[in-house]
1. Within region 181-211, how many residues are more than 19 Å from the chain's Cα centre (by Cα) and surrounded by fewer than 15 Cβ atoms within 10 Å (Cβ to Cβ)?
2. Somewhere in region 78-88, is a residue part of a helix (DSSP H, G or I), at pLDDT 95 or above and within 18 Å of Val165 (Cα to Cα)?
3. Give region 99-126 a look and list any residue that's open to solvent by less than 30 Å² (accessible area, probe 1.4 Å), out of contact with any Ser or Thr (no Cβ under 9 Å at 6 or more places or on another chain) and assigned to a loop (DSSP other than H, G, I, E, B), or say none.
4. For the condition more than 23 Å from Leu186 (Cα to Cα) and buried (at least 21 other Cβ atoms within 10 Å of the Cβ), what is the one hit in Glu79, Glu74, Glu49, Glu84?
5. Is there any pair linking a residue in region 141-164 that is within 14 Å of Pro197 (Cα to Cα) and assigned to a helix (DSSP H, G or I) to one that is β-branched (Val, Ile, Thr) and modelled with pLDDT of 95 or more, with Cβ under 7 Å and at least six apart or on different chains, and which?
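The values are calculated or read from the model by the stated rules, or taken from the named source; none is laboratory data. Not measured: the values here are computed from a predicted model. Here the Cβ positions follow ideal geometry from the backbone for every residue, glycine too, while neighbour counts run over all protein chains shown. Only protein heavy atoms, including side chains, enter the accessible area calculation; ligands, DNA and RNA are left aside. Shrake-Rupley method; radii C 1.70, N 1.55, O 1.52, S 1.80 Å.
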Amino acid sequence: MPMFDVTMTFDNGPDPDVTPRALRMLKEHDILASFFVVGKQLEKPGCMEACAQARDEGHWIGNHTYTHSIPLGERPGPEAVQDEIVRMQEVIDPFVVGGPKLFRPFGKQGAVGHHLLSRAARDHLVANKYTCVIWNALPRDWENRSGWDAVALEQCLALPWSVVVVHDIPFGNAIDRLPYFLDAVLERGGRFRQDLPDTCTPIRNGTVLGLIDHIVGG
């Protein structure tokens, strides 16, 4: 039995350089992950191709809003759902194959709270049978670019099953620490898995679970 489990997730991409590098590192370790992509990123040259590569290599592609600008809990009107979730889903539908229909709210520096979802967003996710994915391990790779892997390992060692958030967009050479983290988890008896724990899925396939009250605002 593994000592602890880890699910890898990547946010805010894709990027034509960083995403393929992350994919190569994951492939070398035989690890499947989820990539939560942003619509504005997909408008950039080479990013659709990077997203397609992730899909083709067996990774799940999730909706991370179109603009990644204002948390949905701070935009209570239904127009935010249309602008951020529906618009984004129309773009990534061709990439959503072989896995659940995933949505990750914009966390605003990684905080988990009532700003993540509005009631309108929650109702849309439920009605359209999304799995809403939050996180419990955030090593802040955008700040600690050369040491986030050690922080992530410490966070994972403290939990039976971690959902780790790192980013596949340029933060200096932060992505170069990914193999060190993957190796450290495996060396300490951890297991990587692609599925998600109930503790980080307040909505699963349209069914509301117990954590939903912690992330829904007005």
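1. Residues meeting the conditions: 6.
2. no
3. Gly107, Gly110, Gly113, Leu116, Ser118
4. So the residue among Glu79, Glu74, Glu49, Glu84 that is more than 23 Å from Leu186 (Cα to Cα) and buried (at least 21 other Cβ atoms within 10 Å of the Cβ) is Glu84.
5. From residues that are within 14 Å of Pro197 (Cα to Cα) and assigned to a helix (DSSP H, G or I), the pairs are Cys156/Val6; Cys156/Val164; Cys156/Val185.
Residues are listed down the side, and each one gets a yes or a no for (1) surrounded by 16 or more Cβ atoms within 10 Å (Cβ to Cβ); (2) more than 14 Å from the chain's Cα centre (by Cα); (3) not in a loop (DSSP other than H, G, I, E, B):
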| residue | (1), (2), (3) |
| --- | --- |
| Phe36 | yes, no, yes |
| Lys44 | no, yes, no |
| Val91 | yes, yes, yes |
| Val97 | no, yes, no |
